[in-house]
Structure formats: structure tokens, C-alpha cells
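Right, one structure below, let's go through it.
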Amino acid sequence: MKPSSRKLEIITTASTLFKEKGYSAVTMRDIAKSMGIKAASLYNHIKNKEEILTFIIISLAEEFIEGLDNIQNSNASSVEKLKQIVALHVDITSRNTNGMASLNNDWMHLKDELDRYLFLRVDYENSFREIIKEGISKNEIKNINPDIMLFSVLSTLRSLYVWIPQKEDLNASQLASNLSEVLLNGINK
């Protein structure tokens, strides 16, 4: 269900504050002050701070799962699928760097939805790993430990939220292409 415009405004404001200060340091009062309203007004739209964090993290995790499912079900080669995964990460991260900060740094603060998030995360990583294994079995990708490949690629992709905001002239398509080249082909000439 899509949130109301006011709820979305609260989530967006909170997301920025969570990235700047960290989830634990932000209060509902901080969110209200940043929006120029009274804290009590927030509760007309949001139950508590955890509801905001849950919405941010679960919606992003579901967006990644949906994107990966589409990629995995395509007829593309494994290498092309990996390039599409890189592009997926660049796209989602460039549209929501603040939310990605919460996804990467604050997920452990989820209470009611922690198990769901962890399931989505493991499912994503397993699907990603299967694409790598498929590429190895089809001799499209070097026969190196798939877990090391997964870790190497995902470590870079998960940290994009730190790097992207520093690039004012970001071209997401060019970034995805360059990242794919480096992550999948290396830097050797």
C-alpha cells in the first residue's frame, strides 16, 4: 500500500535524519522539528519511529528482490545478468541514498520485521549467488569461489550510497557501465 503524501514526507525527512545522525540518535521530536510541526502531529500519520524505519528498509528490500527476480528470469547470459544487477543497484541507490544508508546501517534496529528483512536479504544473496554459479557452470565466469565473488561485488554495491551523493554530475547509466567493467572484468589492461 502506497503511503499518503504526508506520511511519505515524514518518511523522507526521517530518512535524511537517519543518514545524518544514525537511527538511534534521531527522535520523533527531531523529525517534527525538521518538518516545522509539533511531534504530536506526527502520530496522526506514523505509529512510531520503528514504523518509519521498517517502511524504508522493507520497501527497498522488496524493490531489490523484484528487480533481481526479473533479471534472474530473463534469458540473458550470466554476465549480462550481473551487469543488470549492478545497474539495479546504481538505479535504486541513486534514487534513494538516504534510504540505502538505513538499509545498510540500521536494519538491526528492526524489531517486528527483522526476520522478514533477514529472509529477504538471504533470498537476494542466494539468488545472486546462483547467477554466479550458473555463469561458472556455463564457463562464462572464472571458476573462483562464488562466495568471494558475491562478497566482492556486493560490498561495492552496498556502499554506493556513500559515494553517489558526492557526484553532482552523476550519469547513472555510465556509472553502471563503468562499475560493471571494473567489478566483472577487473582493472588489468
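The values are calculated or read from the model by the stated rules, or taken from the named source; none is laboratory data. Keep in mind the model is a prediction, meaning the values are calculated, not measured. Ideal geometry is used to build each Cβ from the backbone, glycine not excepted, and the neighbour counts take in all protein chains shown.
When the residues of the range 69-104 are filtered to those that are free of Cβ contacts under 8 Å to residues at least 12 places away in the same chain and assigned to a helix (DSSP H, G or I), the one that is nearest to Ser15 (Cα to Cα) is Arg95. The conditions of being among the charged types (D, E, K, R), surrounded by 18 or more Cβ atoms within 10 Å (Cβ to Cβ), modelled with pLDDT of 95 or more and not in a loop (DSSP other than H, G, I, E, B) are not met by Lys133. Of Ile71, Ile56, all but one fail to be among the β-branched types (Val, Ile, Thr) and over 12 Å from the mean Cα position of the chain (by Cα); the exception is Ile71. Restricting attention to the range 41-64, the residues being without any contact (Cβ under 8 Å) to a residue 60 or more places away in the chain and either under 18 Å from Asp123 (Cβ atoms) or assigned to a helix (DSSP H, G or I) (or both) number 13. Figure legend. Inter-residue proximity from the range 139-151: first residues surrounded by 11 or more Cβ atoms within 10 Å (Cβ to Cβ) and at pLDDT 95 or above, second residues hydroxyl-bearing (Ser, Thr, Tyr) and not in a helix (DSSP H, G or I), beta-carbon distance below 9 Å, spacing 6+ or different chains. Indicated pairs: Glu140/Ser77.
Within the range 11-36, restricting attention to residues that are free of Cβ contacts under 8 Å to residues at least 12 places away in the same chain and among the small types (Gly, Ala, Ser), the residue that is surrounded by the most Cβ atoms within 10 Å (Cβ to Cβ) is Ala32.
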